[in-house]
Amino acid sequence: MQQQHTSPNTSSKIDTAQNHAGSTSAPSAFAYDVIIIGAGASGLFCALTAGKRGRRVLVIDHANKAGKKILMSGGGRCNFTNYDIEPKHYLSSNPHFCKSALSRYLNWDFIGMVSQYQIPYHEREHGQLFCDNSANDILQMLLTQCRANQVTIQLKTAIQQIQALPDNTGFVLTVNQPASQQPHQQANQQANQKSSEQILTCQSLVVATGGLSIPTMGATGFGYQVAQQFGHTIVPTSAGLVPFTFTDKIGDAIKSLSGVSFEVIAFNERISFRLPVLFTHRGLSGPAMLQLSNYWHVGEPIFINLFPSLDMAAFLAEQKKQHPKQLIRTVLNDHIGAAALPKKVVATLQSLLWQDMAETELANIKDEKLAQLGEQLNAWRLTPSGTEGYRTAEVTRGGVATDKVSSKTMQSQLQPNLYFIGEVLDVTGWLGGYNFQWAWASGFVAGEVV
């Protein structure tokens, strides 16, 4: 989870110690070896890994509960990894960046931990692994490991300032606990909060603040600000694994089919996915659309093959020979068998794609027109007006650029002892447990060295 982001016009700020060299001196001994900002999946895993090495670890988070996104993931069952983890399942400006961490902490390593804690789980389609009971099983496993390794977790804590020591041996953090409930009140309440102000010191600082997705869970851009403070660039962010929205006639047609789901091939010029689509009152969702959204940019069209197993141009031509007196909707409803779409879908498609031929027998439709319609049914072109945005996005595309981060340790190459892990980095996984596996793997490799 992310830390509370304070706006520049408040009296709270984030600065480097170089700007305050006269007022900041290195402590004689650090209070902690490691401070991790963010008590989400990657932060907790990094904490327990470092704790196993005997490191004194503090995890801080502005939320009132650790692991909130873990608890709500997978419909409350937590799709914690996948049987098939490959670098090709991840997007990044540097597609090679994820390889080292994924090869050093495998999905089988995490599955082994789950089994060790006797957490029952099951496989769904495409190798996805879910808890049988509750996502809370995964969270409690992580928290138990943290407790066993003397990790301290401090919640309701807002960071006011981060300072790198002049000799780059560590960091000083100024925080408030408990955090203000309303960010805009922090400036007005600062005088009242002085009694709760803390100065924290550490040798290593780990940013595990996640992305911007699901702001109701506390997501902010705080981690990006920390990165920029120390000279890192941010790959432009956008909502990922998110439903598409539509307007005008197409939007109304899609809304009329709300609740309908069936398997399609969703594709664009970059990639294709054969998965279910779900029509909603806001647009198109379901696994096919969520996956494709990671590869979509505003203004681009998407394509949907409504009959993945059939060449519809050839099918309609054959139906014209065998059933010349029938209508297009009739052959679609009656002669496709297992590939048939719900009749309400066919009726809606008719209004959009062949209304001018709706009552014309196949024998009286030109072959070219049928071929054109068949091609449309195998590649229905739609241009989304946008997506549902961060409100419902499962991940954030983009983030801290990986060009100045070590792929082996997650350490900044610009600031000694500073690390970035998890979703805050420009690494975005597919739907299906891949983002959790990145959280475990990146948290592990950092936890091994901090």
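Here are the numbers:
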| quantity | calculated |
| --- | --- |
| Enumeration of residues in the stretch 78-135 that are among the small types (G, A, S), open to solvent by 30 Å² or more (accessible area, probe 1.4 Å) and assigned to a loop (DSSP other than H, G, I, E, B) | S92, S93, S134 |
| Condition broken by Q203, with the remaining ones in (1) in contact with a Lys or Arg (Cβ under 6 Å, 6 or more places away or on another chain); (2) surrounded by fewer than 22 Cβ atoms within 10 Å (Cβ to Cβ); (3) modelled with pLDDT of 90 or more; (4) not aromatic (F, W, Y) satisfied | (1) |
| Failed item in (1) more than 18 Å from L306 (Cβ to Cβ); (2) out of contact with any Leu (no Cβ under 6 Å at 6 or more places or on another chain), with P324 passing the rest | (2) |
| Of residues in the stretch 70-120 being without any contact (Cβ under 8 Å) to a residue 60 or more places away in the chain and touching a helix residue (DSSP H, G or I) at 6+ places or on another chain (Cβ under 6 Å), the one farthest from T144 (Cα to Cα) | P87 |
| Pairs where the first residue, in the stretch 185-211, is within 17 Å of V172 (Cβ to Cβ) and assigned to a strand (DSSP E or B) and the second is among the charged types (D, E, K, R) and at pLDDT 80 or above, C-beta under 6 Å, 6+ apart | Q203/D33 |
| Test result for L349, of a type outside the set (K, R), at pLDDT 95 or above and either under 36 Å from the mean Cα position of the chain (by Cα) or open to solvent by less than 50 Å² (accessible area, probe 1.4 Å) (or both) | yes |
| Residues satisfying the stated conditions in the stretch 51-62, i.e. within 22 Å of I162 (Cβ to Cβ) and open to solvent by 10 Å² or more (accessible area, probe 1.4 Å) | R55, R56, H62 |
| In the stretch 291-310, the residues that are in a loop (DSSP other than H, G, I, E, B) and of a type in the set (G, A, S) | G299, S309 |
| Selected residue [in a strand (DSSP E or B) and under 35 Å from the mean Cα position of the chain (by Cα)] from G399, G432 | G399 |
| Residue in the stretch 381-398 that is under 30 Å from I35 (Cα atoms) and surrounded by fewer than 16 Cβ atoms within 10 Å (Cβ to Cβ) present | yes |
| Selected residue (only one of A313, A288, A253 is under 20 Å from K344 (Cα atoms) and assigned to a helix (DSSP H, G or I)) | A253 |
| Selection status of Q372, assigned to a helix (DSSP H, G or I), under 30 Å from S238 (Cα atoms), polar (S, T, N, Q) and not assigned by the TED database to the domain that holds Y90 | no |
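Condition check ((1) at pLDDT 95 or above; (2) open to solvent by less than 20 Å² (accessible area, probe 1.4 Å); (3) touching a Lys or Arg at 6+ places or on another chain (Cβ under 6 Å); (4) assigned to a loop (DSSP other than H, G, I, E, B)) across all residues:
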site	(1), (2), (3), (4)
D15	no, no, no, yes
S23	no, no, no, yes
I35	yes, yes, no, no
A39	yes, yes, no, yes
F45	yes, yes, no, no
T49	yes, yes, no, no
N64	no, no, yes, yes
K69	no, no, no, no
M72	no, no, no, no
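The values are calculated or read from the model by the stated rules, or taken from the named source; none is laboratory data. Given the structure is predicted, the values throughout are model-derived calculations rather than measurements. Every residue, glycine among them, receives a Cβ derived from its backbone with ideal geometry; neighbour counts consider all protein chains shown. Quick note on the areas: whole protein, heavy atoms, side chains included, nothing else; ligands and nucleic acids left out. Shrake-Rupley method; radii C 1.70, N 1.55, O 1.52, S 1.80 Å.
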